[in-house]
Amino acid sequence: MIQRITSCAMVTLVAVIAACAPAPTLKAEATALSGGQPVIAVTVDDIPAHGGMAPGETRLDLSRRLVAALKAESVPAHGFVNGSPAQVNPDAMAALEYWADAFPVGNHTWTHANPNELTAEAYGEEIARNEPLLEKISRGDWHWFRYPFLAEGDDPAKRFAIRQYLASHGYRIAGATMEFDDWKYNDAYTRCAAKGDQTEIAKLEEDWLDAVRYSAEMSRKIAKAIYGGDIPYVLVAHIGSFDARMFPRTLALYREMGFRFVSLEEAQNHPAYAGDNDPAAPPGPNFYATRQVGGMPLPAERVPKIDLAGLCV
């Protein structure tokens, strides 16, 4: 997972354990939203630039391909922006503008900052520095925030101060209740693409799809352990080279598994996201304090079946 030990996110589900037990009202609202069918809100981080690219690709090309994959399936999506790459790279700016013309955007800090490496004041400056760009490119309300690395901060006082900053500036926090470590695959893919090694790329594709399925099943098991049923899930993905290649098959797999897609706004209307929708509220725990929920063991974190670091080196 993305810095799971510093995050209250991967699963916002787990974050609410300390605050509430499974409740019939939560189950009923989840069922009412989905019509009995599990739903996902797709979010895409690190726009306009994440990781390396395969030969011949541009940032604009990746943005176009991701947007095309989402629109082909009529899937709503929400992108989270780091403004710094766009400032120094015209290709990255073009990629950002292309995305913002198609889908809503939110704040991901200026440089993809980690709160554990900054003061709360400096972190607030990272958030504020992104705002003029978001105001310029956005076609709607951009007051959604996604923590880079899904890290809210190890220090409780700093974490509280950042949440108060977000609340005072009108932000909602984008939850993260489903993710499959898509970022882990990008470097291996760009190496294999540079070598033209289609055999190894096929291995990456197979493992990626296995990770998609596993993570979806894991999120559903955790939700059922806490709430007794599905909640709307918020998926975290990235604007990477391998994401652009794999997103058509990824969306198809989710549909095959019985999911349909909703907007971030619609998903986070569920009470499970109350602490994200109101950053001024007391936050839940920011890491897995236990591997059990109500005496029910949680699924083990998935380990890739192939050596991503050693592939195509």
Any hit, the stretch 195-213, residues being open to solvent by 60 Å² or more (accessible area, probe 1.4 Å), in contact (Cβ under 8 Å) with a residue 60 or more places away in the chain and under 30 Å from THR109 (Cβ atoms): no
Residue in the stretch 240-252 that is buried (at least 20 other Cβ atoms within 10 Å of the Cβ) and more than 27 Å from ILE201 (Cα to Cα) present: no
Candidate set from the stretch 162-221 (those that are modelled with pLDDT of 95 or more and touching an Asp or Glu at 6+ places or on another chain (Cβ under 6 Å)); member that is farthest from PHE242 (Cα to Cα): ILE173
Test: residue in the stretch 238-249 that is at pLDDT below 95 and touching a Leu at 6+ places or on another chain (Cβ under 9 Å): no
Among (1) of a type in the set (D, E, K, R); (2) modelled with pLDDT of 95 or more; (3) not in a helix (DSSP H, G or I) - the single one GLU301 does not satisfy: (2)
Residue check, MET296 aliphatic (A, V, I, L, M) and either modelled with pLDDT under 95 or crowded, with 18+ Cβ neighbours inside 10 Å (or both): yes
The one condition in (1) at pLDDT 95 or above; (2) at negative phi that VAL88 fails to fulfil: (1)
Wholly enclosed helices (runs of 4 or more DSSP H) of the stretch 46-162 bearing at least 2 residues open to solvent by 10 Å² or more (accessible area, probe 1.4 Å) and touching a His at 6+ places or on another chain (Cβ under 6 Å): none
Within the stretch 163-181, considering residues that are among the aliphatic types (A, V, I, L, M) and surrounded by 18 or more Cβ atoms within 10 Å (Cβ to Cβ), the one nearest to ALA122 (Cα to Cα): LEU166
Failed condition for GLY229, given (1) at pLDDT below 95; (2) more than 25 Å from ALA151 (Cβ to Cβ); (3) within 16 Å of the chain's Cα centre (by Cα): (3)
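The values are calculated or read from the model by the stated rules, or taken from the named source; none is laboratory data. What you see is a predicted model, and the numbers here were worked out from it, not measured in a lab. FYI the Cβ positions are ideal-geometry reconstructions off the backbone, even for glycines, and counts take in every protein chain you see. What goes into the accessible areas is simple: the full protein's heavy atoms, side chains included, and nothing from ligands, DNA or RNA. Shrake-Rupley method; radii C 1.70, N 1.55, O 1.52, S 1.80 Å.
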